[in-house]
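Input: a single structure, listed below in structure tokens.
The values are calculated or read from the model by the stated rules, or taken from the named source; none is laboratory data. Since this is a predicted model, take the numbers as computed values, not measurements. Using ideal geometry, Cβ is built from the backbone for each residue, glycine included, and neighbour counts are taken over all protein chains shown. Keep in mind that these areas ignore ligands, DNA and RNA; they rest on the heavy atoms of the full protein, side chains included. Shrake-Rupley method; radii C 1.70, N 1.55, O 1.52, S 1.80 Å.
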Amino acid sequence: MKSTRKAWAGAVALGVLAASGATVAAATPGAKSPAQRTSEEAQLQKLYKDAVAEGGRLVVYAGGDKPGQADYLKDAFVKKFPKMKVDIVVDFSKNHDARVDNQVAEHHVVADVVHFQTVDDFPRWKKEGILAKYKPVGWNKVDSRVKDKDGYYTGLFYFAFANVTATKLGSSAPVEAKDFLKPEFKNKLVFTYPNDDDAVLYYFKQLTDKYGFGYLKKLLAQNPKFVRGTQDSADLVGTGDYVANFGSGGSASGLSQVTIPKKSPWVAWPQTGAILKDAPHKAAARLYLSWILSKAAQQHSIGTWSARTDVAAPAGAKGIFDYKNMNPLGLGEFMSNRTALDRYKARINLYVGDVQGVNPSDPKGVLGLYPVSQDGTQG
């Protein structure tokens, strides 16, 4: 399936996700001169030459919940650098970070670059000496709030979860959290298990903080369906009787649209990336991080809010830090206190029940300990 995360911010502006996942945000204030753009391009071409000389191979571990969800990045990268052979392996960030810990402990690292939702891992890995120090092309333009000052990791772009509603609802679609409690939506809501995804858990945490657990009880009285993976919950909206959810990133089906609540909390965070110190393909890793943070890629390939301060927000959207009901640093703060997080997760588990179903990013259970491709080939 083609990734829908790429088109999320454009969907907010347009009110509907295009099936093509078209990119957004071409016009940028304070654009660089041709000479400055050439400087970034020259750096990338030098890095490309080094990566090809190294063997032209790259393995990226990407947080997600559906095979192929990061292919839009792979395709854009290979189009730019056709001599590179790239695999981006998608799995829940909570599984990939365990893989990284295990690979490091066993001195058998097969991944080169990681970019995950588990933003709390990166300061720990820096402290443990697991990450390579590298400041990619575009580093000086990355917002200081989402990068390590010493250069061990950086936010690459922002992912966001808000409302996904069936287009057939029109103006009657729910927008604020309390709208989802309306009688007409009983038996018609679908959510991702919040006890299976920490970003969704944080979404629910903000709602219960603001409206109390009484809100959660009323929501569950609507008899919603819970599934594994934010992609699957979004893809169900507009099919059958399912008409809405919150806490996911949208679908490319054309049957649904993404909206941002004006008052209720929602979630966005900097998807954070780094190079592993023992990466087998360090030159390729440097090329990939530099490409993804280059101004051209941030404008035309990521399709969401940029980590760079010199790239405009997607058309029709505010700057990522300009929403009063959303804090882009909040998820990282929430995840940094694992004891409190696990305590809240256990309480939520009492309400929604144990997680049921196979891992949607690895439905055949083939990824194992050392995957170098989505089909489970081991490195």
Legend entry - Unmet requirement for A340, which otherwise passes all of (1) of a type in the set (G, A, S); (2) surrounded by 13 or more Cβ atoms within 10 Å (Cβ to Cβ); (3) modelled with pLDDT of 95 or more: (2)
Legend entry - Condition broken by G330, with the remaining ones in (1) under 27 Å from V109 (Cβ atoms); (2) within 17 Å of the chain's Cα centre (by Cα) satisfied: (1)
Legend entry - Complete set of residues in the range 284-321 that are within 30 Å of R57 (Cα to Cα), surrounded by fewer than 20 Cβ atoms within 10 Å (Cβ to Cβ) and touching an Asp or Glu at 6+ places or on another chain (Cβ under 8 Å): A296
Inset, instruction - Among residues belonging to the range 131-157 that are in a loop (DSSP other than H, G, I, E, B) and aliphatic (A, V, I, L, M), point out the one that is farthest from N327 (Cα to Cα). - result: A132
Legend entry - G376 being out of contact with any Lys or Arg (no Cβ under 8 Å at 6 or more places or on another chain), closer than 16 Å to D87 by Cα and either assigned to a loop (DSSP other than H, G, I, E, B) or open to solvent by less than 70 Å² (accessible area, probe 1.4 Å) (or both): no
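Residue by residue, here is whether (1) under 17 Å from K345 (Cβ atoms); (2) open to solvent by less than 10 Å² (accessible area, probe 1.4 Å); (3) free of Cβ contacts under 8 Å to residues at least 60 places away in the same chain holds:
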residue: L181; (1), (2), (3): no, no, yes
residue: L189; (1), (2), (3): no, yes, yes
residue: Y211; (1), (2), (3): no, no, yes
residue: Y215; (1), (2), (3): no, no, yes
residue: Q222; (1), (2), (3): no, no, yes
residue: T230; (1), (2), (3): yes, yes, no
Inset, instruction - With respect to V110, determine if the residue is of a type outside the set (F, W, Y), touching a residue at least 12 places away in the same chain (Cβ under 8 Å) and not in a loop (DSSP other than H, G, I, E, B). - result: no
Inset, instruction - Go through G365, G332, G316 for me and flag whichever is modelled with pLDDT of 95 or more and in a loop (DSSP other than H, G, I, E, B). - result: G365
Legend entry - Scan of the range 312-334 for residues that are closer than 15 Å to V146 by Cα and among the aliphatic types (A, V, I, L, M), ordered by number: I320, L329, L331
Legend entry - Matching option when the condition is in contact with a His (Cβ under 9 Å, 6 or more places away or on another chain) and touching a residue at least 40 places away in the same chain (Cβ under 8 Å), among G247, G254, G303, G273: G273
Legend entry - Selected residue [farther than 20 Å from K277 by Cβ, out of contact with any Phe, Trp or Tyr (no Cβ under 8 Å at 6 or more places or on another chain) and of a type outside the set (G, A, S)] from P136, P67: P67
Legend entry - Which numbered condition G170 fails, given (1) within 19 Å of S251 (Cβ to Cβ); (2) open to solvent by 80 Å² or more (accessible area, probe 1.4 Å): (2)
Inset, instruction - Tally the residues that are more than 30 Å from D232 (Cα to Cα) and either hydroxyl-bearing (S, T, Y) or open to solvent by less than 10 Å² (accessible area, probe 1.4 Å) (or both), restricting the search to the range 149-167. - result: 2
Legend entry - Selection count, the range 170-199, where residues are assigned to a helix (DSSP H, G or I) and under 16 Å from P224 (Cβ atoms): 8
Legend entry - Residue that is surrounded by the most Cβ atoms within 10 Å (Cβ to Cβ), among those in the range 232-245 that are charged (D, E, K, R) and touching a Ser or Thr at 6+ places or on another chain (Cβ under 9 Å): D235
Inset, instruction - Go over the candidates D143, D121, D112 one by one and state the one that is surrounded by fewer than 21 Cβ atoms within 10 Å (Cβ to Cβ), more than 24 Å from G353 (Cβ to Cβ) and not small (G, A, S). - result: D143
Legend entry - V110 more than 26 Å from V267 (Cα to Cα) and in contact with a Pro (Cβ under 7 Å, 6 or more places away or on another chain): yes
Legend entry - Sole exception among (1) over 24 Å from N195 (Cβ atoms); (2) within 17 Å of the chain's Cα centre (by Cα); (3) β-branched (V, I, T); (4) not in a strand (DSSP E or B) for T118, by number: (1)
Legend entry - A160 being outside any helix (DSSP H, G or I), at pLDDT 95 or above and either of a type in the set (S, T, Y) or in contact with a Phe, Trp or Tyr (Cβ under 7 Å, 6 or more places away or on another chain) (or both): yes
Inset, instruction - Collect the residues in the range 45-65 that are out of contact with any strand residue (DSSP E or B) (no Cβ under 6 Å at 6 or more places or on another chain) and within 10 Å of V89 (Cα to Cα), keeping them in residue-number order. - result: none
